[in-house]
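Peer 1: Next up is a structure, given as structure tokens.
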């Protein structure tokens, strides 16, 4: 039997960590779960130079190298509902970061992964005996050639047709491994 500590309002007593820091931890966890299922290793640049993670996928089926790398920039938002009706989610990137992600040509490909989370932290995760769920979903896109439009930051649209899961990541790595783009 689990013992649940509750605060004065009958809710779990959550810590005072800033919401943005919590969102970063959640999106890192999402990426780690997807990378594990896809068979990738992960490395976090230190210091963060504008890329959150670098993933490596090893396979003898790759033709350009047996180990393929991919740089990933993560963003999250609660301002979009799950599966937005307009077919995309919008996230803001600082112009300098966007210019770095959009730069071509590249030696190591880069993608942007945008995660929609519920505004209420209590709705982020759910666990039962059968599953552990993170809410809501993450989507990916390549931003090569996108130019900043804002003064200091730019809204970037990420199509919700590009769900970022292990199957998508395997496909991205396979295309790169054959000498193509993500």
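Peer 1: Would you list the P(r) distribution for the chain, with all Cα-Cα distances sorted into 10 Å bins from 0 and each bin expressed as a whole %?
Peer 2: 9, 33, 35, 16, 5, 1
Peer 1: Now for a separate question. Between residue 32 and residue 166, what is the spin-label point distance in nm, taking each point 7 Å from the Cα along the Cα→C-beta axis?
Peer 2: For residue 32 paired with residue 166, the spin-label model returns 1.6 nm.
Peer 1: Then there is this: Where both partners of a DSSP beta bridge lie in the chain, what percent of those bridges are antiparallel, to the nearest 5?
Peer 2: 75 percent
Peer 1: Between residue 61 and residue 120, what FRET efficiency comes out of the Förster formula 1/(1 + (r/R0)^6) with R0 = 45 Å and r the beta carbon distance, rounded to 0.05?
Peer 2: That pair, residue 120 with residue 61, gives E of 0.55.
Peer 1: Using helices alone, what [θ] at 222 nm do you get for the chain, with -39,500 (n - 2.57) per DSSP H run of 4 or more residues, divided over all residues and rounded to the nearest 500?
Peer 2: -7000 deg cm²/dmol
Peer 1: While we're here: Could you work out how far apart the two model spin labels at residue 43 and residue 86 are, taking each label as a point 7 Å from the Cα in the direction of the beta carbon, and quote it in nm?
Peer 2: 3.8 nm
Peer 1: Work out, step by step, the length gained on full extension between residue 77 and residue 18: first 0.36 nm times the residue separation, then minus their alpha carbon distance; give nm to one decimal.
Peer 2: Net length gain for the segment: 19.8 nm.
Peer 1: For region 19-177, what relative contact order do you get, as a whole percent, if you take Cα pairs closer than 8 Å and at least 6 residues apart?
Peer 2: The normalised contact order for region 19-177 reaches 26 percent.
Peer 1: Here's something else I'd like to know. For the chain, with a Gaussian network of springs between Cα atoms less than 10 Å apart, report the residue from 82, 47, 148 with the top mean-square fluctuation.
Peer 2: 47
Peer 1: With the convex hull built on the Cα atoms of region 37-84, state its orientation-averaged projected area in nm².
Peer 2: If you wrap the Cα atoms of region 37-84 in a convex hull and average its projections, you get 5.4 nm².
Peer 1: Of 94, 75, how do they rank once you tally other Cβ atoms within 10 Å and put the fewest first?
Peer 2: Final ranking by Cβ density, sparse to dense: 94, 75.
Peer 1: Residue 103 to residue 133: FRET efficiency via 1/(1 + (r/R0)^6), r the Cβ-Cβ distance, R0 41 Å, to the nearest 0.05?
Peer 2: Once the sixth-power term is evaluated, E becomes 0.70.
Peer 1: Arrange the following residues from fewest to most other Cβ atoms within 10 Å of their Cβ: 119, 60.
Peer 2: 60, 119
Peer 1: Which shape class applies to region 121-177: rounded if a/c is under 1.5, otherwise prolate when a/b exceeds b/c and oblate if not, where a ≥ b ≥ c are the square roots of the Cα gyration tensor eigenvalues?
Peer 2: It comes out oblate by the Cα gyration axes.
Peer 1: Moving on. Across the Cα atoms of region 37-123, what radius of gyration and what greatest pairwise Cα-Cα distance (Dmax) are found, in Å?
Peer 2: Spelled out, the Cα radius of gyration and Dmax of region 37-123 are 15.6, 45 Å.
Peer 1: Ranking 57, 103 by Cβ neighbours within 10 Å, fewest first, what do you get?
Peer 2: If I rank by nearby Cβ atoms, fewest first, I get 103, 57.
Only the coordinates and a few stated rules stand behind these numbers; no lab work does. Since we're looking at a predicted model, the values are computed, not measured. Quick reminder, even Gly has a Cβ in these numbers, built from the backbone with ideal geometry, and neighbours come from all protein chains shown.
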